[in-house]
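**Student:** Got a structure for you, written out below as structure tokens; questions coming shortly.
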Amino acid sequence: MSETTPDTEARRLATEARDRVRFEEDALALADQVYRVARHLVGSRDEAEDLMQEAYARAFRSWRSFRPGTNLRAWLLRILTNLNIDRGRRLQRTPGMEPLEEGDYFLYNRLEESTGDADEERVVERLSQDSVVSALSAVPHDFRDVVVLVDIGDFSYADAAQILDIPIGTVMSRLHRGRRILKQQLAEEAVSPA
Amino acid sequence: MTSFADDPCARCEEVLQPYLDRELDDAERAEAEYHLSLCSYCRKRYRFEEHLRRLVRQAAVVEMAPELKARLAALRTPLH
């Protein structure tokens, strides 16, 4: 059995303090990236800011459960998405599984048809950043979470599955459906008469 | 599921999103790239999807308020 002397205890505390400071610095350095994802997971800036503070407070409290060398950004976002779910945001029902447009090319095809032009530059110009922001906010939460993590957070399917604690197959199906809904929204906005 | 041999454009449409997500294995990626190098119909749509991804990413660029950064830093454990 090892003996704890005042010296070894002091060394242990010093090491722990150093590890904790490093963890906190690393977590804060990622705050901009975490916020970017958080801002699109919830409806308003105020909600995103509250969520960030709660998530960081929890992360700083439970820093010992983070395994150094693993993905800290994913770890922070897992805390944040769990808090977001705990806050009851999931009370919003996921809409029914009504059929969506067939095929991934439908948005391009629809825009090309309505533009009457096969020049892809002209087709692309029909979409604006504003329309993308508003279309994204119209995607139901369960699907939006995955789209935001993969398309904005640049996480792999496996990381997104770990963050949201869902199977990878569910990530893929929600991503597929979330992107289709996003495109449907964009098509409605871009093609509908002004 | 279709294959590149049966219906190359339909298969390309199926794998385009995982291709852009860098989630295809080497053989699938090579097949998709080969098809895209030959087919202007799919290539146009591929470029469009790439552009849409960029738009989504750019649209997501939001700056965190400096006050929030300060509030997060204040949550750190005080040093004794």
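Just so it is clear, none of the values below were taken in a lab; they were calculated from the coordinates. Here the structure is a predicted model, which is why all the values come from computation and not from measurement. Virtual Cβ from ideal backbone geometry, glycine too; neighbours counted across all protein chains shown.
**Student:** Using only Cα atoms, tell me the angle between helix A:31-41 and the longest principal axis of chain A; keep it within 0 to 90° and round to the nearest 10.
**Tutor:** 40 degrees
**Student:** Still on this model: May I ask for the angle, rounded to the nearest 10°, between helix B:40-59 and the longest principal axis of chain B, with both axes built from Cα atoms and the value confined to 0 to 90°?
**Tutor:** Helix B:40-59 and the main axis of chain B meet at about 10 degrees.
**Student:** When ranked by the protection proxy of mean other Cβ atoms within 10 Å per residue, highest first, what sequence do the peptides A:169-176, A:36-43 form? Before the final figure, lay out each step's value.
**Tutor:** Details: A:169-176: 18.0, A:36-43: 21.2.
Order by mean packing, descending: A:36-43, A:169-176.
**Student:** Please compute, for peptide B:41-53, the average count of beta-carbon atoms on other protein chains lying within 10 Å of each residue's beta-carbon.
**Tutor:** So the per-residue partner count for this stretch is 5.
**Student:** Taking beta carbons within 10 Å but only from partner chains, what does the mean come to for residues A:169-181? Numbers along the way, then the final one.
**Tutor:** Numbers: counts 0, 0, 0, 4, 0, 0, 4, 2, 0, 0, 5, 1, 0.
Per-residue shielding by partner chains comes out at 1.
**Student:** What's the average, rounded to a whole number, of partner chain beta-carbon atoms within 10 Å of each residue's beta-carbon in B:60-73?
**Tutor:** Mean shielding count: 6.
**Student:** Still on this structure, I have one more. How large is the helix-only mean residue ellipticity at 222 nm for the protein assembly as shown, computed as the sum of -39500 (n - 2.57) over DSSP H runs with n ≥ 4, divided by its residue count, in deg cm²/dmol to the nearest 500?
**Tutor:** On the way: 14 runs with 185 residues, N = 274.
It lands at -21500 deg cm²/dmol.
**Student:** Let me ask you something else. Enter the angle in degrees (range 0 to 90, nearest 10) between the Cα long axis of helix A:6-29 and the first principal axis of the Cα atoms of chain A, meaning the one along which they spread out most.
**Tutor:** The angle comes out at about 10 degrees.
**Student:** Counting other beta carbons within 10 Å of each Cβ, put A:183, B:44 in order, fewest first.
**Tutor:** Values: A:183 21, B:44 18.
Ascending number of Cβ neighbours within 10 Å: B:44, A:183.
**Student:** Which GluC sites (Glu not before Pro) in the range A:111-194 sit in a loop by DSSP (not H, G, I, E or B) and have at most 15 other Cβ atoms within 10 Å of their own Cβ? Display every interim value, and only then the final one.
**Tutor:** On the way: sites: A:112, A:113, A:120, A:121, A:125, A:188, A:189; in loops: A:125.
Those satisfying the criteria are A:125.
**Student:** Using +1 on the beta carbon of Lys and Arg, -1 on that of Asp and Glu, and nothing else charged, what's the dipole of the protein assembly as shown about the Cα centre, debye to 20?
**Tutor:** It comes to approximately 1080 debye.
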